[in-house]
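Before any comments, here is the structure.
The values are calculated or read from the model by the stated rules, or taken from the named source; none is laboratory data. All of these numbers come straight from a predicted model, not from anything done at the bench. Neighbour counts are summed over all protein chains in view; Cβ atoms, including those assigned to glycine, are modelled from backbone coordinates with ideal geometry. These accessible areas exclude ligands, DNA and RNA; they are computed on the full protein's heavy atoms, side chains included. Shrake-Rupley method; radii C 1.70, N 1.55, O 1.52, S 1.80 Å.
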Amino acid sequence: MIHRYNDHSLLAHNTFGMNVKAKSFIEYTTVDDLKELLVEMARTGENQKMLSIGGGSNLLFAGDFQGTVLHSLIKGMEVCRETDETVWVRVGAGEVWDDFVAYSVSHQWYGAENLSAIPGEVGASAIQNIGAYGAEVKDIISQVEAVEVETAQICSFNVGECKYAYRQSIFKKELKGKYIVTHVIYKLSKNPVFHIDYGNLKAVLEGKPLTLENVRNAVCAVRSSKLPDPKVMGNAGSFFMNPVVPREQFLKLQAEYPSMPHYEVDENSVKIPAGWMIDQCGWKGRALGKAGVHDKQALVLVNLGGATGQEVMQLAYTVQQDVKQKFGIDIFPEVNYID
Ligand code: EPU
């Protein structure tokens, strides 16, 4: 089924809560619908300005979108292969990401639990390479199924072909805008494997039995204590990526700021939390107009009510300048700017 709407409000489709419109908004429920749409859009030229969205949890609209927004309603979660140790689950791009995590945990399948409560949908998980608490979705992706925008052909990418890196994939770089993800096949373990070394997860789990449910609950609790609920205050989670810097640069900064938190990347590079640097610049809890820096996690920019995309971009730019001036480090948005 294909649903088409003109001059459609995107308020319910972006977690920043921007009250903007799309010239055209189309939802589809099957891969065949999507293929039919893409053929039609290529014929009319409507594919010239097109944006495929998931839950809209990583988007910042500068204003109304003068093109066509596509949103997948492809649903379903099915086991497509299974061994004694492993299960492969094929999930529709339009499923809510956290519903898939809950489903995996309820079946006692391991691998998705650290990524609990991340907003957004399954298709976007594979494009953004979502990550939290020491896990990245690439670690459990087996295949990504997609349709090529130009030809409407179905393709399948194995995990290596997706060129995953921290918050990066081929779908955000070389193939940006060229494919629409329809399904993701995740590979989960039936045997217990826990990763609870990140941050304060271990402390939150102290005294509780180590179970999938408890890890999921702990991740949800830590997230909700730090991150604003987009239903209450518009935001897109981490606004910036954590920069990776050469070790020499890190060592110089560490001499000046001995408490600087950091994560080892490899022998030559170190990742520094952008949130910490923004906090050190005094931005936590401050605002520029109706756009603000969250008071519990400086990596998150928030819509204090009625902010425009331009206002949030202006705040982001000012924060970037301040971080550059104080630490000599460029930080870049994880959020996708749309104009
Ligand atoms: N910190 C501060 N002040 C702040 C924020 C952070 O000092 O205002 C310090 C913390 O004390 C900690 C360090 O910076 O020492 C890192 O903070 P945190 O553990 O909260 O994680 P993060 O690096 O800020 C990343 C992800 C989050 C993910 C968390 C937990 C990115 C861009 N962000 O944030 O992802 O939930 O780790 O794994 O990598 C998202 O992408 O939307 C997201 C929320």
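Placing +1 on the Cβ of each Lys and Arg and -1 on the Cβ of each Asp and Glu in the stretch 82-131, which of GLN128, HIS107, THR86 has its Cα farthest towards the positive end of the resulting dipole?
Value: GLN128.
Which of the trypsin sites (Lys or Arg not before Pro) across the stretch 140-178 are loop residues per DSSP, with 10 or fewer other Cβ within 10 Å?
LYS173
Run the dipole for the stretch 246-328 about the Cα centre, Lys and Arg Cβ at +1, Asp and Glu Cβ at -1, nothing else charged, and hand back the magnitude in debye, nearest 20.
Dipole size: approximately 280 debye.
Classify the stretch 15-122 as rounded, prolate or oblate, taking a ≥ b ≥ c as the square roots of the eigenvalues of its Cα gyration tensor: rounded when a/c is under 1.5, otherwise prolate if a/b is larger than b/c and oblate if not.
Because a/c hits 1.5 or more and a/b fails to exceed b/c, the stretch 15-122 counts as oblate.
Taking a quarter of the surface of the convex hull around the Cα atoms of the stretch 286-325, what do you get in nm²?
2.6
Starting from 0.36 nm per residue, how many nanometres of slack lie between GLU150 and LYS324 once their C-alpha separation is accounted for?
58.7 nm
Based on the Kirkwood radius over alpha-carbon pairs, what is the Stokes-Einstein translational diffusion coefficient of the chain at 20 °C with 1.002 mPa s viscosity, in µm²/s?
Taking Rh from Cα pairs, D becomes 102 µm²/s.
Given a Förster distance of 45 angstrom, what is the FRET efficiency for ASN200 paired with ARG81, based on the Cβ-Cβ distance and rounded to 0.05?
Rounded to the nearest 0.05, the efficiency is 0.80.
Using alpha-carbon positions, what is the distance between the centroids of the stretch 286-328 and the stretch 1-72, in Å?
Spelled out, the Cα-based centre of one part sits 27 Å from the other.
In whole Å, how far is the Cα centre of the stretch 109-147 from that of the stretch 149-169?
Comparing the Cα centres of the stretch 109-147 and the stretch 149-169, I get a distance of 14 Å.
Over the chain, what relative contact order in percent results from Cα pairs under 8 Å that are six or more residues apart?
17
If you average the alpha carbon positions of the stretch 78-93 and of the stretch 247-275, how far apart do those two centres end up, in angstrom?
When both Cα centres are located, 39 Å separates them.
Using the eigenvalues of the Cα gyration tensor, what equivalent ellipsoid semi-axes result for the stretch 88-228 when each is taken as the square root of five times the eigenvalue, whole Å, largest first?
Ellipsoid half-lengths, sorted descending, are 29, 15, 12 Å.
Give the accessible surface of the chain per residue, rounded to a whole number of Å², with probe radius 1.4 Å and ligands, DNA and RNA excluded.
Roughly 46 Å² per residue, with all protein chains present.
Report ³J(HN,Hα) in whole Hz for each residue of the stretch 107-122, in order, from the Karplus equation J = 6.51 cos²θ - 1.76 cosθ + 1.60 where θ = phi - 60°; Gly and Pro get x.
Running phi through 6.51 cos²θ - 1.76 cosθ + 1.60 with θ = phi - 60° gives 8, 6, 9, 9, x, 9, 4, 5, 9, 4, 6, 7, x, x, 10, 4 Hz.
What are the lysines whose alpha-carbon lies under 16 Å from the alpha-carbon of LYS187, with same-chain residues fewer than 8 places away excluded?
The reachable lysines, counting only those whose Cα sits under 16 Å from LYS187, are LYS138.
Which ³J(HN,Hα) values in Hz, rounded to whole numbers, follow from the phi angles of the stretch 291-300 under the Karplus curve 6.51 cos²θ - 1.76 cosθ + 1.60, where θ = phi - 60° and Gly and Pro get x?
10, x, 9, 4, 7, 10, 8, 5, 7, 9
Of all alpha-carbon pairs in the stretch 216-339, indicate the percentage at a distance above 26 angstrom.
That fraction is 24 percent.
Each label point is 7 Å from the Cα along the Cα-to-Cβ direction; what then is the distance between the points at SER224 and LEU210, in nm?
Each label point is offset 7 Å from its Cα along the Cβ direction, giving 2.6 nm.
Just need the relative contact order of the stretch 51-116 here, percent rounded to a whole number, with Cα pairs under 8 Å and 6+ apart.
24
How high is the relative contact order of the stretch 219-339? Use alpha-carbon pairs under 8 Å, at least six apart in sequence, and give a whole percent.
29
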